[in-house]
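Asks: So that we are looking at the same thing, I have put the structure below in structure tokens.
The values are calculated or read from the model by the stated rules, or taken from the named source; none is laboratory data. None of the values given here were measured: they were computed from a predicted structure. Note that each Cβ is placed from the backbone with ideal geometry, even for glycine, and that neighbours are counted across all protein chains shown.
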Amino acid sequence: MTACVVVFAITFLACLFLLATQRWHARYSLDDAFGVQKHHTKPTPRIGGVAIFLGLVSACVVTSGEARPMLLSMLFASLPAFAFGLLEDVTKRVSSGTRLIACLLSGLTAWYLTGVAMQDTGVPALDWLLGYLPLAVAFTAFAVAGVSNAVNMIDGFNGLAAGAVAIMAGAIGLISLNVGDTQLVSVCCIVVALALGFGALNWPMGKLFLGDGGAYLLGFLVAWLAVLLPMRVANVHAWATILVCAYPVLDVGFSVYRRSHRQGHHPGQPDRVHLHHLIHRRIICKLFPGLSRDLKNGLTSPLCWIATALPAGYAVLFAENNGALALGFGACIFFYAGLYARLTQFRWCFSAWTLRPLPASQKSNAPQ
């Protein structure tokens, strides 16, 4: 508990330092208020990942026992994802493909340092394939990179990504506590402290942003926790941690599918039709028309936190029941699809209209 308090304090103080010194680094660190996915009203520093990284370094110093080598391996493995994300934050010139490769490299580094790879998913056919170590390592790297990018993609409103990571890491920690893995509980608590230490200045008014560096760093940390739990505890399969991460995973999966099936959209092209954008426009702006733009921004995140907490809580309750977890994930898919349909088409089901190719004459009017 003492380590968590120290990590929270250092992360929070580092955020304050970044804000107090922004006149020195503003030329490189400020995120302007113009862009497809931007909802803030004034230029804001987007290097909050630096504070989180410093908090992680402090965690490696103040933590003892088996948790320390676990945190050290996570620190070193996160370096590629964090470094290339931060480079994008200050230069705006690092391609999405390069950042994806960096996240893959972080996943490979984590395996190299720990020897842990996903080989027990609870799906017999897949587990048979993953018995071949190179396939297991590749699968692990792609899973880690996928969750890291998913956290970056949901980083659209004040506090959303940091709060979601705190919820997901907390859920993994609760499952670990229930099965007696106290060392993993300690690491999960550290990740929660990192997310909350940053979130204290990010939500609700968005004084400091995660940036790509911070989002990839937090995303990697929760992704690796999701790999470690089922590999350390035999009776907890990967379905549990997949369900814990259901909200960002479904958001990125649905977004890629949606964009790849609509003319004029590339799977990596940003847009403003993620679920959190729709919740902001269709719910928050309708319910609170008189609030300032900044407050509407901040109020969007709690609804998305609920969408994160519901499947995560279900995973905690049924962590050792593979059938219930698989059914829960299927229910999440249907609920996500139904909610998305409701917010876009005002009905609780999809029609062919959702993914229809856009006529050339309408491309210029496509949703942004």
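Asks: Do we find a residue being more than 17 Å from A226 (Cα to Cα) and either modelled with pLDDT of 95 or more or in a helix (DSSP H, G or I) (or both) anywhere in region 169-191? Steps first, please.
Replies: To start, the set of residues in region 169-191 that are more than 17 Å from A226 (Cα to Cα) comprises none.
No: region 169-191 contains no residue that is more than 17 Å from A226 (Cα to Cα) and either modelled with pLDDT of 95 or more or in a helix (DSSP H, G or I) (or both).
Asks: Looking at L303, is it modelled with pLDDT under 85, surrounded by 15 or more Cβ atoms within 10 Å (Cβ to Cβ) and not polar (S, T, N, Q)?
Replies: Numbers: modelled with pLDDT under 85: no; surrounded by 15 or more Cβ atoms within 10 Å (Cβ to Cβ): yes; not polar (S, T, N, Q): yes.
It is false that L303 is modelled with pLDDT under 85, surrounded by 15 or more Cβ atoms within 10 Å (Cβ to Cβ) and not polar (S, T, N, Q).
Asks: Could you list, in sequence order, all residues of region 201-221 that are out of contact with any Asp or Glu (no Cβ under 8 Å at 6 or more places or on another chain), modelled with pLDDT under 95 and outside any loop (DSSP other than H, G, I, E, B)?
Replies: L201, N202
Asks: Determine which member of the set F157, F198 is more than 29 Å from V123 (Cβ to Cβ) and modelled with pLDDT of 95 or more.
Replies: The unique qualifying residue is F198.
Asks: On to the next question. List pairs: first residue in region 245-265 and under 10 Å from Y336 (Cβ atoms) and surrounded by 15 or more Cβ atoms within 10 Å (Cβ to Cβ), second residue aromatic (F, W, Y) and modelled with pLDDT of 70 or more anywhere in the structure, Cβ distance under 6 angstrom, at least six positions apart or on different chains.
Replies: Final answer for the pair search is L250/Y336.
Asks: For region 124-149, enumerate the residues that are touching a residue at least 60 places away in the same chain (Cβ under 8 Å), under 21 Å from A319 (Cβ atoms) and of a type outside the set (S, T, Y).
Replies: Residues satisfying the conditions are A143, V144, V147.
Asks: Filter region 28-76 down to residues that are modelled with pLDDT under 85 and among the aromatic types (F, W, Y), then give me how many there are.
Replies: Of the residues in that region, 1 qualify.
Asks: I've got another one for you. Looking at region 41-59, which of the residues that are β-branched (V, I, T) and part of a loop (DSSP other than H, G, I, E, B) is surrounded by the fewest Cβ atoms within 10 Å (Cβ to Cβ)?
Replies: Residue satisfying both the conditions and the ranking: T41.
Asks: For region 307-347, which residues satisfy the criterion of being over 19 Å from H274 (Cβ atoms), free of Cβ contacts under 8 Å to residues at least 60 places away in the same chain and polar (S, T, N, Q)?
Replies: Within region 307-347, just N321 meets the criteria.
Asks: For A162, work out the one condition from (1) under 21 Å from P311 (Cβ atoms); (2) in contact with a Gly (Cβ under 6 Å, 6 or more places away or on another chain); (3) at pLDDT below 95; (4) not hydroxyl-bearing (S, T, Y) it doesn't fulfil.
Replies: If we test A162 against (1) under 21 Å from P311 (Cβ atoms); (2) in contact with a Gly (Cβ under 6 Å, 6 or more places away or on another chain); (3) at pLDDT below 95; (4) not hydroxyl-bearing (S, T, Y), just (3) comes out false.
Asks: Also, I was wondering about something else. Filter region 318-368 for residues that are of a type in the set (G, A, S) and at pLDDT below 55; which is surrounded by the most Cβ atoms within 10 Å (Cβ to Cβ)?
Replies: It comes out as A366.
Asks: Further, regarding this structure: Filter region 63-76 for residues that are surrounded by 16 or more Cβ atoms within 10 Å (Cβ to Cβ) and touching a residue at least 40 places away in the same chain (Cβ under 8 Å) and give the result.
Replies: Answer for region 63-76, where residues must be surrounded by 16 or more Cβ atoms within 10 Å (Cβ to Cβ) and touching a residue at least 40 places away in the same chain (Cβ under 8 Å): T63, A67, M70, L71, S73, M74.
Asks: Does region 140-149 include one or more residues that are surrounded by fewer than 21 Cβ atoms within 10 Å (Cβ to Cβ), more than 28 Å from G48 (Cβ to Cβ) and aromatic (F, W, Y)?
Replies: No, region 140-149 contains no residue that is surrounded by fewer than 21 Cβ atoms within 10 Å (Cβ to Cβ), more than 28 Å from G48 (Cβ to Cβ) and aromatic (F, W, Y).
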